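The values are calculated or read from the model by the stated rules, or taken from the named source; none is laboratory data. What you see is a predicted model; the values in this text were computed from it and never measured. We work out accessible area using only protein heavy atoms, side chains counted, and drop any ligands, DNA or RNA first. Shrake-Rupley method; radii C 1.70, N 1.55, O 1.52, S 1.80 Å.
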Amino acid sequence: LGGHFDLQNRRPCHRHDSMAGHRKAGCSREERLVIFRIYNKKMKEHLTWDEAKRQANWVKHGLDFADAGEVLASRFRLDIPVVRGGELRTQSISYALGFLAVLTVVHTARGSATRVISFRRASGAEREVYDAWLENECNEP
């Protein structure tokens, strides 16, 4: 990870080892979009989203859909199926080391892609469910 193109200095960026590392180091959102594509290739998964929803999520939660792969790639991810508006969705909850927080991503399958619907910090109740799952049910790979 860490091999995106540094748009400001016009050279490859190898400064960071995680998506959140790039965010914390001040890499621009455009740079993180490039690395998100690299990251998702490693995940063998393609993420999509509604751009207006992504921007609204950034304003409301301070989290960019481009960073949602950190939760989705976690080996300690709890997936909870939910139905909303007749659509089957998945709520994925995981500790994200780069954010030092338990985060949740709501997503759905759209063809061969994963569409991100929401990305935020997990609520207290969600963290309790996640902690109980880790302690009692998680099958550590």
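Heavy atoms of the protein only, probe of 1.4 Å, neighbouring chains included. What is the accessible area of F76 in Å², nearest 10?
Roll a 1.4 Å probe over it and F76 shows about 60 Å².
Run the 1.4 Å probe and let me know the accessible area of S94, rounded to the nearest 10 Å².
S94 has an accessible surface of roughly 0 Å² with all protein chains in place.
Based on the Cα gyration tensor of region 52-130, what are the three equivalent ellipsoid semi-axes, each the root of five times an eigenvalue, rounded to whole Å and given largest first?
Over the Cα atoms of region 52-130, the ellipsoid semi-axes are 18, 16, 12 Å.
Stretched out fully, how many nm does the piece from A132 to L100 gain, at 0.36 nm a residue minus the Cα gap?
Here the answer is 9.7 nm.
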